[in-house]
1. For the peptides 140-148, 112-120, what is the packing order when you average, over each peptide's residues, the other Cβ atoms within 10 Å and list the highest mean first?
2. Find the Cα radius of gyration of region 86-155, compare it with 2.2 N^0.38 Å by division, and give the number to two decimals.
3. If I take every Cα pair under 8 Å that is 6 or more residues apart in region 55-122, average their sequence separation and divide by the length, what percent do I get for the relative contact order?
4. Bin all alpha-carbon pair distances of the chain at 5 Å intervals from 0 and give each bin's fraction as a whole percent.
5. For region 1-42, what D do you get in µm² per second when you plug the Kirkwood radius from alpha-carbon pairs into Stokes-Einstein at 37 °C and 0.692 mPa s?
6. How far is helix 59-70 tilted, in degrees, relative to the longest principal axis of the Cα atoms in the chain, given as a value from 0 to 90 rounded to the nearest 10?
7. On a 0 to 90 degree scale, rounded to 10, what angle separates helix 76-86 from the longest Cα axis of the chain?
8. Please give the per residue volume of the convex hull enclosing the alpha carbon atoms of region 115-195, rounded to a whole number of Å³.
């Protein structure tokens, strides 16, 4: 999610509020749920969303309005964040709901504490599972099934196999705010990495990396980019050998298949 102008400034200010809250893991998990709920309400109620983002209305009046809507339904800390959010300026009405969901993901990731690296790995593994399993992918994208039904299916599949925070984000990925479940999971993993001030590298290899090779690659990339790099490693035999690394817009392609293709193009030319 890329915001611009007033929305980017609003999101940065609200993110700082979560970072400095000093809440416990349980409190952060609750705040995450509160923000997911408020985001869902704003998406479902266009009238409320328009009023909450109307720049011509008094900021304090808008804050009072949402306090009345959500009072007793979410925690005091969650209510303060939502009230703060509507008091700010937004470039487009949708940015408010999107930012509340984003902040909910941040709070949920932070609730995992020292397990945040494990959470990022689990999100990637779930994305791989959905990509590789046509039946599961079909069940999660079936339009006749309710979101609640899909969520129950995914929760049952992950029960005892993933962190509670991971399971919550996996179910959130079904809410339709992103193009597909796997796109949502990818975005959540980027947020998880950003919470730890990391970059995410998509690494495609022809065969599984040894622990030593993985560590060397991670250290080399971290040194190159000047910050910790989290690796998402997928095995793709079609690469034949070598590896392909993607970090943001950067691509490092050292795969054998790419060299073969390049040689073919030169011969053809």
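Read-outs: derived from the displayed coordinates by stated rules, not from any lab. Computed from a prediction, not measured in an experiment: that's the story for all the values here. Methodologically, a virtual Cβ is constructed for each residue, glycine included, from the backbone with ideal geometry; neighbour enumeration extends over all protein chains shown.
1. Highest to lowest by the protection proxy: 112-120, 140-148.
2. Details: Rg = 15.9 Å, N = 70, 2.2 N^0.38 = 11.1 Å.
Dividing the Cα Rg of region 86-155 by 2.2 N^0.38 Å gives 1.44.
3. 27 percent
4. With a bin width of 5 Å, the distribution comes to 1, 5, 11, 14, 16, 15, 13, 10, 6, 4, 3, 1, 1, 0, 0.
5. So the translational diffusion coefficient is about 284 µm²/s.
6. 80 degrees
7. With rounding to tens, the tilt is 90 degrees.
8. Working: hull volume 6.5 nm³, N = 81.
Each residue corresponds to 80 Å³ of Cα convex hull volume.
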